[in-house]
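Colleague: The structure follows.
Every number here is computed from the coordinates shown, using simple stated rules; none is lab data. Because the structure is predicted, anything quoted here is derived from the model rather than measured. Cβ: placed from backbone, ideal geometry, glycine included. Neighbour counts: every protein chain shown.
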Amino acid sequence: MSDIIERLTEVLNSRRQADPDSSYVAQLHNKGLDHILKKVGEELAEVLIAAKSSEYDHNREPVIYETADLWFHTMVMLSHLGLEPADVLHELDRRFGLSGIEEKATRG
């Protein structure tokens, strides 16, 4: 499963300097961080709406679809900032086994 994250990361990074007319990702990078963050916010709102709706209609497909959009745009944000999903995964690994209370206490 991590193979798709690695493959997508390579594509996102390769399109950072690409012609904006050549791809959606290149357009996002070209428009800058504020535009990318706006997309992340829009996708987050759509995830929240889909999740709330699924509680009542039990249709989980929109949650999966919208979460994929959110993850994708978050990965574009990371790429734009010169970060990679591995950076986030390392942080999750660091936190693994800590209780949420302990982890919050380490933040100071």
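Colleague: So for region 52-74 (the condition being among the aromatic types (F, W, Y) and within 19 Å of E6 (Cβ to Cβ)), does at least one residue qualify?
Modeller: Within region 52-74, one or more residues are among the aromatic types (F, W, Y) and within 19 Å of E6 (Cβ to Cβ).
Colleague: Only one residue in A18, A26, A51, A68 is among the small types (G, A, S), loosely packed, with under 13 Cβ neighbours inside 10 Å and free of Cβ contacts under 8 Å to residues at least 24 places away in the same chain. Which one?
Modeller: A68
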